[in-house]
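A quick write-up on the structure given underneath.
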Amino acid sequence: MTKTSRTLINACAALVGVAGTAAAFEGISRLRWGRSGVASAWAGLQRACGGRADLLGRDLGRFEDYVERHRIENEREYRIPAWLPLSSLVFEETRDGMKTYHLGTTGKNDRAVLYLHGGAYIEQVAPRHWLFADQLCQATGAEICVPIYPLAPAHDYDEAYSLIIDLYEGMVERRGADNVILMGDGAGGGLAAGVVETFAHYDLPQPAQLILVSPELDITMRNPDIHTYFDLDPQLAPWGIAQVGDIWADGDDATAPRLSPINGDVSILRNVTTFVGGREILRPDCVLWDQRLQEAGVTHCLVLQEGLGHAWPLAPIPEARAARRLIADIVRSGASWDR
């Protein structure tokens, strides 16, 4: 046997070994956690490298550093990272001091999505948000509007509400409410839910669809069932979320519907889809939210994926593909879910 042959055989054996290990890990992951091996690896990476330690409250100094770091970052002018491989046309505008990015603006878009990013009301738009928005734009042909809304700790919810409601009103005037979808993930999902509950006060129509991905529906984190999921969640910690929530509230009652929309009047809503992971601390509130929509007779759907964590439809895992297809279908459907 030649040296080259032995090298090829050894390389093939190594590949077989790697493939066997990957297959074994996939099987264990499916059996033990009910998720793909990639999803388990992603959860491990989040636990090891994520910002959960900043929010645990075990080190008050670390949390204070986290808040101060974002105070500085959030006051800088935001720009989409140049290295992101976005396929959509991008236009930006600034109104009343708030920059808004429009993806896929061609003048021929049938529908528009107002997308409010997550980040505990203190973190800026992340690459995963842009990649998701870009994919949604490409899949639906809709214009995706991403406002860089004011964040804690330098700003509060009242400032964000005013700017977002004005932006939504302008979108409705141009397209009609039946062609506007409101969507948010995490804190952005909570903000979206709170905003739509105020529309009756402003004599504004409800959007065609409200899509919430792991929304933060109660910034007080007082649901006792949250503790059941604390050790399962690799990304979020209730203490830090509640503390940032108090900063975001700026002295106002954190249980008020504009801050914790789970306490608001959901009967005026229509066509609500809520996604949540089975292993995240926001699961109890999302389930309770869906129950209240059911009781109010609102057309709704809860997509609860066991084994997965926070904002899983945005994650680079196989399970997210079906969720993103469903979201694209909802965007294309407009208001057709109305009964």
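The values are calculated or read from the model by the stated rules, or taken from the named source; none is laboratory data. Computed from a predicted structure; not experimentally measured. Keep in mind that these areas ignore ligands, DNA and RNA; they rest on the heavy atoms of the full protein, side chains included. Shrake-Rupley method; radii C 1.70, N 1.55, O 1.52, S 1.80 Å.
Could you state the number of Å between the C-alpha centres of the stretch 24-95 and the stretch 183-219? When both Cα centres are located, 22 Å separates them. For the chain, the 222 nm mean residue ellipticity estimated from helices alone, with every DSSP H stretch of n ≥ 4 adding -39500 (n - 2.57) and the total spread over all residues, rounds to -14500 deg cm²/dmol. Between the helical axis of 60-74 and the longest alpha-carbon principal axis of the chain there is an angle of about 70 degrees. For the chain, averaging the sequence separation of C-alpha pairs within contact (under 8 Å, six or more residues apart) and dividing by the residue count gives a relative contact order of 18 percent. Rounded to whole Å, the principal axis extents of the Cα atoms in the stretch 97-208 read 38, 35, 23, largest first.
The angle separating the long axis of helix 283-296 from the principal Cα axis of greatest extent in the chain is about 40 degrees. Here the stretch 197-339 is described by how far its Cα atoms reach on the three principal axes: 40, 39, 24 Å, from widest to narrowest. Remark: the chain carries 45 Å² of accessible area per residue (probe radius 1.4 Å; ligands, DNA and RNA excluded). Sorting Glu173, Glu26 on solvent-accessible area from highest to lowest, probe radius 1.4 Å, gives Glu173, Glu26. Expressed to the nearest 5 percent, the antiparallel share of DSSP beta bridges inside the chain is 30 percent. In the stretch 30-185, what percent of the accessible surface is made up of carbon and sulfur (1.4 Å probe, ligands and nucleic acids excluded)? Percent of accessible area from carbon and sulfur atoms in the stretch 30-185: 49. Computed in the context of the full set of protein chains, the accessible area of the stretch 293-332 at 1.4 Å probe radius has 48% of its extent on carbon or sulfur.
Could you tell me how many degrees, from 0 to 90 and to the nearest 10, lie between the Cα long axis of helix 37-49 and the main elongation axis, the longest principal axis, of the Cα atoms of the chain? Roughly 70 degrees between the two axes.
Across the alpha-carbon atoms of the stretch 200-273, the computed radius of gyration and Dmax are 14.3, 43 angstrom. A 1.4 Å probe over all protein chains sorts Cys301, Cys286, Cys49 by accessible area into Cys49, Cys301, Cys286, starting with the largest. Computed from the Kirkwood radius of its Cα pairs, the Stokes-Einstein diffusion coefficient for the chain at 4 °C and 1.567 mPa s stands at 62 µm²/s.
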